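> This is the structure I want to talk about, given as structure tokens.
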Amino acid sequence: MPSILNRLRPYAMVAPALVVFSLFYLYPIGYMIHLSFHEWNFISPVKTYVGLNNYREMLADDTFLQVLRNSALYTVMTVLLATGTALPLAIWLNRKSAFHAFVQGAIFSPHIISLVSISLLWSWLMDPEYGLLNGLLHLFGISPLKWLNDPGTALVSLVIVAVWKSLGYNTLVFIAGLQSIPPELLEAAALDRSKPWTTFRRLILPMLSPTLFFLVIINLIGSFQVFETIAIMTQGGPINSTNTLVYYIYEYGFRFFKIGYASAAGVILLIIVGTLTLIYFRLLSRRVHYR
Amino acid sequence: MARIELIDVVKRFKGETVIPNLNLTIREGSFTVLVGPSGCGKSTTLRMIAGLERQTSGDIRIDGELVNDTEPGKRDVAMVFQNYALYPNMTVRGNIEFGLKNRGVPKRERERLIRDICEIAGLTPYLDKKPQSLSGGQRQRVALARAMVKNPKVFILDEPLSNLDAKLRGQMRTELIELHKRLGTTFVYVTHDQVEAMSMGDRIVVMNKGEVMQAAPPMVLYEDPDNLFTAQFIGTPPMNVLPASRLPGLRTEGEGHAEFVGFRPEHALLSPETAELTREGLVIAGQIATRESLGAEQVYKLRCEAGSFFVKSFLNPYVGGDFALAVVPFERLYFFDRDGNRLRRLRAVRPQLAAAGV
């Protein structure tokens, strides 16, 4: 009798988590895949089975291809800029002084502000008529930009916002990574007559690679799912120049009520993010633990 | 081979003085051990010699050359760290090669040097392994090889054996002594372990609170300590120290007033009865509190009126019950003044037979 109880106990323990996970993750994913083979408008009791039609239609849609391109472009730019600026910043901030502590806190603060507020704030900053940014440009004698209103600059403008928001977090993670490098190692390098750049390239960067890798993946997945800034600042415009995957799904699902079609796009997003996550975990298990 | 001189060196950390004024000469080719309790400034001294820490004021010379403003890599100093500080992302070969590459040693020369050094250190089978797959002793050898391959003027070792288990530590101790003999380079070695210091160094610098208490060869420290600190730091168990005023049988002659009397545990003899022993030495009566038998030797802790003290004996275990008389030959007594300084001109007076009344 107690042996049966013992055997059941672990299942009972994980049951709550399992229930929540199934209800809010597994079931919606299954349902989404199911819907992607149907045509449905959210209201009608009838869901028409259409096979792969949704996918076929989507892949033939120029807008969808542009959306994919936008998403990829946005992601690559955000990840490169967010990690590429955070690392030198972290190296600079990795010091113990009141000033450095203040800057650390200051650049981290956007991370805890709601994305909606940030979007509204930046919409105002980037306003072509009376925005602060154009005012600044004017000070330096540069002609004003149209920021979000120009298809050529809109996506980059959103990248700037995303980088600004994630910079503090990325920097903080990098600082943690830097601090986990034993100081004796750098001293040993100094005694080995290593120049600062050599120490960085041959020692600090390799030691930091797990951190760097973690940040790249986290930012990659996050960027692919960008939604709030686009919904508030550009609504995918002008002329789809900032339309990305999640916003595309939202528009088709909740504005055009083409749930089947939106689900098919959702499946594509699932595949992309799923692949990235898989790569992450695969590499994570292989990553070297420097101890 | 180089001589290291520290002249009027002061080190302060954020207003806290770690080393008030240090004058120390480390002889060329010596195996000098800096020893002292933690926080005594020995590691700081070491790091200042290596250039990892800059002295607040004062001069440091290596081989006669002023190195105050010389960066660590250019001082021709190699250091072995307590935790080895091997580059974890590089193989054993990469670790040894890194310093050579930075010095611009040509590839063929590098390969020869690495081959030779690994032959000596017994690392040849591990050349392409990463440090984390090596054992503690092997890592230690890699750290030594990395230091040796640079053929430095000075070897600096910061508690290099403290991460090893007791057996390996003993083995590495011998290897380091041999290594020093073979290389003839100046070794500066930091440890908090006086046994390690005594067994390895040909010169020991005892430090306390940033000051040199005594710098001398091991046996001089043991037999002729300058002060209470050194006397009590060296030896296991340390020198017994009792207040002179509470030892009734003691009379002294010479210069100075003895505040403390010290004697080595191994110089005291336990005896059950007084007899004529009082003529031979100072007799202290006490209760035996604990007995430790270490095989070849016995260590007793005795409690007497003046305090407690240890007696170490290489004879058969004491069988006289819990009460014992400890007899210390008069010439084995050390006298110290109130500040703990040794009173070398003070001697114990041998009591006249008539006056013997303990």
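The values are calculated or read from the model by the stated rules, or taken from the named source; none is laboratory data. Just so you know, these numbers come straight off a predicted model, no measurement behind them. Cβ coordinates were reconstructed from backbone atoms using ideal geometry, including for glycine residues, and neighbour counts include every protein chain displayed. Keep in mind that these areas ignore ligands, DNA and RNA; they rest on the heavy atoms of the full protein, side chains included. Shrake-Rupley method; radii C 1.70, N 1.55, O 1.52, S 1.80 Å.
> Mind checking the alpha-carbon convex hull of the stretch A:158-224 and giving the volume per residue in Å³?
Values: hull volume 5.7 nm³, N = 67.
Output value, Cα hull per residue: 85 Å³.
> Cut-off under 19 Å on the C-alpha distance; same-chain residues fewer than 8 positions from residue B:209 excluded. Which lysines are left, in chain and number order?
Once the sequence-local lysines are set aside, what remains near residue B:209 is B:11, B:14, B:42.
> Here's a follow-up. Count, for each residue of A:189-202, the Cβ atoms from other chains sitting within 10 Å of its Cβ, then give me the mean as a whole number. Let's see the in-between values first.
Values: counts 7, 7, 19, 16, 13, 6, 2, 0, 0, 3, 2, 0, 0, 7.
Other-chain Cβ atoms within 10 Å of each residue's Cβ, averaged: 6.
> According to the Cα gyration tensor, what semi-axes, each the square root of 5 times an eigenvalue, does the equivalent ellipsoid of the stretch B:4-229 have, listed from largest to smallest in whole Å?
Sorted largest first and rounded, they come to 30, 21, 15 Å.
> List the residues, sorted by chain then number, that are 5 or more residues from residue B:211 or on another chain and whose placed amide H is less than 5 Å from its amide H.
Here the answer is none, since no amide H 5 or more places off falls under 5 Å of that of residue B:211.
> Which helices, taking whole DSSP H runs in chain A, have alpha carbons extending 30 angstrom or more along the helix axis plus mean Kyte-Doolittle at least 1.0? Mind showing how you got there, number by number?
Numbers: long enough: A:62-93 (45 Å, 1.12); A:154-179 (37 Å, 1.58); A:259-286 (40 Å, 1.65).
Once both thresholds are applied, what remains is A:62-93, A:154-179, A:259-286.
> Which value, in debye to the nearest 20, gives the size of the charge dipole of the protein assembly as shown about its Cα centre, when Lys and Arg are +1 and Asp and Glu are -1 at the Cβ? Intermediate values should be presented prior to the final figure.
Working: 67 positive and 55 negative charges, 242 e Å.
Roughly 1160 debye for the protein assembly as shown.
> Follow-up. State the antiparallel share, in %, of DSSP beta bridges confined to the protein assembly as shown, rounding to the nearest 5.
On the way: 56 of 74 bridges.
Counting DSSP beta bridges with both partners in the protein assembly as shown, the antiparallel share is about 75 percent.
> Any chance you could check the Cα centroid distance between the stretch B:283-358 and the stretch B:97-144 for me, in angstrom?
Between the Cα centre of the stretch B:283-358 and that of the stretch B:97-144, the gap is 53 Å.
> While we're looking at this one, here's another question. Among B:56, B:68, B:114, which residue has its Cα positioned farthest towards the positive end of the charge dipole of the stretch B:4-229, with +1 placed on the Cβ of Lys and Arg, -1 on the Cβ of Asp and Glu, and the dipole taken about the Cα centre?
Value computed over the given set: B:114.
> Can you list which of the chymotrypsin sites (Phe, Trp or Tyr not before Pro) found in the stretch A:29-72 are DSSP loop residues with at most 12 other C-beta atoms within 10 Å? Kindly include the intermediate steps, with their values, before the conclusion.
Numbers: sites: A:31, A:37, A:40, A:42, A:49, A:55, A:64; in loops: A:37, A:40, A:42.
Here the chymotrypsin sites (Phe, Trp or Tyr not before Pro) that fit, given the DSSP loop and packing criteria, are A:42.
> Still on this structure, I have one more. Could you state the accessible area per residue of the protein assembly as shown in Å², with a 1.4 Å probe and every protein chain left in place? The partial results should precede the final answer.
Numbers: 33140 Å² over 649 residues.
Heavy-atom SASA per residue in the protein assembly as shown reads 51 Å².
> A follow-up question, please. Between residue A:179 and residue A:205, how high is the FRET efficiency from 1/(1 + (r/R0)^6) when r is the Cβ-Cβ distance and R₀ = 22 Å? Nearest 0.05.
Working: r = 15 Å, r/R0 = 0.70.
Approximately 0.90, to the nearest 0.05.
> Among the trypsin sites (Lys or Arg not before Pro) in the stretch A:30-128, which ones are in a DSSP loop with at most 13 other Cβ atoms within 10 Å of the Cβ? Mind listing them?
Working: sites: A:47, A:56, A:69, A:95, A:96; in loops: A:47, A:95, A:96.
In loop regions of the stretch A:30-128 (DSSP not H, G, I, E or B), the sparsely surrounded trypsin sites (Lys or Arg not before Pro) are A:95, A:96.
> On alpha-carbon atoms, Rg over Rh for the protein assembly as shown using Kirkwood Rh?
Working: Rg = 37.5 Å, Rh = 31.9 Å.
Reported Rg/Rh (Cα atoms, Kirkwood Rh): 1.18.
> Moving to a separate point now. Between the stretch A:220-291 and the stretch A:106-154, what's the alpha-carbon centroid distance in Å?
24 Å
> Just tell me how shielded B:85-93 is by partners: mean number of partner chain Cβ atoms within 10 Å of each residue's Cβ, no decimals. Provide the component values of the computation, followed by the final result.
On the way: counts 9, 3, 10, 10, 10, 3, 0, 0, 0.
Going residue by residue through B:85-93 and averaging, the value is 5.
> What pairs in B:107/B:181; A:96/B:153; B:101/B:129; B:150/B:181; B:101/B:153 have C-alpha atoms more than 23 Å from each other?
Working: B:107/B:181 30 Å; A:96/B:153 35 Å; B:101/B:129 19 Å; B:150/B:181 18 Å; B:101/B:153 19 Å.
Result: B:107/B:181; A:96/B:153 exceed 23 Å.
> Restricting attention to the stretch B:240-347, which GluC sites (Glu not before Pro) occupy a DSSP loop and are surrounded by at most 12 other Cβ atoms within 10 Å?
Values: sites: B:253, B:255, B:259, B:266, B:273, B:276, B:280, B:292, B:297, B:305, B:331; in loops: B:255, B:259, B:273, B:276, B:280, B:297, B:305.
Sites meeting the loop and neighbour criteria: B:255, B:273, B:276, B:305.
> How much accessible surface area, in Å² rounded to 10, belongs to the heavy atoms of residue B:18 with a 1.4 Å probe?
Approximately 30 Å² of residue B:18 is accessible to the 1.4 Å probe.
> What do the square roots of 5 times the Cα gyration tensor eigenvalues come to for the stretch A:61-287, in whole Å, largest first, as semi-axes of the equivalent ellipsoid?
Working: eigenvalues 252, 120, 39 Å².
Those come to 36, 25, 14 Å.
> Starting from the Cα of residue B:13, step 7 Å toward the Cβ, then list every residue of the stretch A:71-107 with an amide N under 18 Å from that point.
Answer for this model: A:95-97.
> Over the whole of B:100-107, what's the average partner chain Cβ count within 10 Å per residue? Rounded to a whole number, please.
Numbers: counts 2, 5, 8, 2, 1, 0, 0, 0.
Per residue, the average neighbour count from other chains is 2.
> Among the DSSP beta bridges whose two residues both lie in the stretch B:4-229, what percent are antiparallel, rounded to the nearest 5? Working shown, then result.
Values: 19 of 37 bridges.
Taking every DSSP beta bridge with both residues in the stretch B:4-229, the antiparallel ones total about 50 percent.
> Could you tell me the distance between the Cα centroids of the stretch A:32-69 and the stretch A:163-213, to the nearest Å?
Cα centroid to Cα centroid, the span is 47 Å.
> Right, something else. Out of every Cα-Cα pair in the stretch B:237-356, what percent are more than 17 Å apart?
On the way: 3877 of 7140 pairs.
Within the stretch B:237-356, distances greater than 17 Å cover 54 percent of Cα pairs.
> Among residues other than residue B:176 whose Cβ falls under 14 Å from its Cβ, what is the net charge (Lys/Arg +1, Asp/Glu -1)? If you can, show how the numbers build up before the last one.
On the way: positive: B:141, B:169, B:173, B:181, B:182; negative: B:158, B:159, B:175, B:178, B:193, B:196, B:202.
The answer is -2.
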